[in-house]
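See below for the structure under consideration.
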Amino acid sequence: MDHWWAKELPRLFEIYSESQQDHADNYFRDFHRKLRLSNALEAFKKLEDGLNELNKPAWQAFKRKVLPFVCKKHPLHNYQQLVDCFNEVKGYLYLKREGFTDIQFIPEDKLSTPDLRANGKRGIVLLEVKTLNHSDEGHKNTRNRQVREAQKSLPVGFINSKLDPVITNARQQLLSIKNGNIALRIVYLIIKLDMDCAVCLSNYEELASLINERNVRYSEIEIEYECTWV
């Protein structure tokens, strides 16, 4: 197999090396071909840069989390579970940027637990990463390269069926951890807008307003987010 990318993306290659390489659904099979797609190498280099910021204990813990998803492919959403797991790295990077220390990935448990913990000046910090994915229709439009008219407001379904339930679920996960030393509970949202919404500035303004409203409503948690359409 063509593994020229091993030198360009060593930590991603390490994940591949420790996965079931001969599995038919392995995400990294024919990866060299995926990297030839427009902007693909640039995007994976950005992911690699994030992985390189994990210290050694965090890197080992993250590999244990991500490996089970390398060969899990969904009929419609493909490798979304794998992508969601990679998004946890963004939560790690956020905590690092904000100056928190001793950042750790929390091992998977039968009970729903937050993704990360860290230490802050006032005590323990917990963070849960949630990914709001494209709608099924958005997935189909992208896959079929269908162009839709730009939407100048966020769909009601996005708010009622995605944003609010996801925040509620993350809040419950964070509040389920009872510890008097917890100083801050953070929900970190990765929001993937459908292309017809992503092209309108007004939707980002509306989204910022919605997040601000929910930060006021749920004073026991802090909601942070980043927005993307890829």
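No value in this document is a laboratory result; all are computed from the given coordinates. These numbers were taken from a predicted model, which means no experiment stands behind them. In this analysis, Cβ positions are derived from the backbone assuming ideal geometry, glycine residues included, and neighbour counts consider all displayed protein chains.
Tabulated results
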{"read-out": "Charge dipole magnitude, Cβ of K and R +1, D and E -1 - segment 71-114, Cα centre, debye nearest 20", "value": "200 debye"}
{"read-out": "His77-Asp2 pseudo-label distance in nm [points 7 Å out on the Cα-to-Cβ vector]", "value": "3.1 nm"}
{"read-out": "Cα lying deepest toward the dipole's positive end in segment 87-228, options Phe100, Leu154, Leu207, charges on Cβ", "value": "Phe100"}
{"read-out": "Rel. contact order, % - alpha carbon contacts under 8 angstrom, at least six apart, the chain", "value": "16 percent"}
{"read-out": "Stretchable slack from Thr113 to Asp22, in nm (0.36 nm times residue separation minus alpha-carbon distance)", "value": "29.6 nm"}
{"read-out": "Candidates Leu47, Leu37, Leu210, ranked by Gaussian network fluctuation over the chain, Cα under 10 Å, top entry", "value": "Leu37"}
{"read-out": "For segment 50-63, Karplus couplings with θ = phi - 60° (6.51, -1.76, 1.60), whole Hz, Gly/Pro x", "value": "x, 4, 5, 7, 6, 6, 4, x, 5, 5, 5, 5, 5, 4"}
{"read-out": "Residue (of Tyr16, Leu51, Ala118) at the positive-pole extreme of segment 1-132, dipole from beta-carbon charges", "value": "Ala118"}
{"read-out": "Cα pair distances of the chain binned at 10 Å [whole percent]", "value": "7, 29, 35, 24, 6, 0"}
{"read-out": "Computed [θ] at 222 nm, helices only, for the chain once each DSSP H run of length n ≥ 4 contributes -39500 (n - 2.57)", "value": "-12500 deg cm²/dmol"}
{"read-out": "Candidates Val187, Val156, Val166, ranked by Gaussian network fluctuation over the chain, Cα under 10 Å, top entry", "value": "Val156"}
{"read-out": "Cα-centred dipole magnitude for the chain, charges only on beta-carbon of K, R (+1) and D, E (-1), debye, nearest 20", "value": "280 debye"}
{"read-out": "DSSP bridge pairs, the chain: antiparallel proportion in percent, nearest 5", "value": "35 percent"}
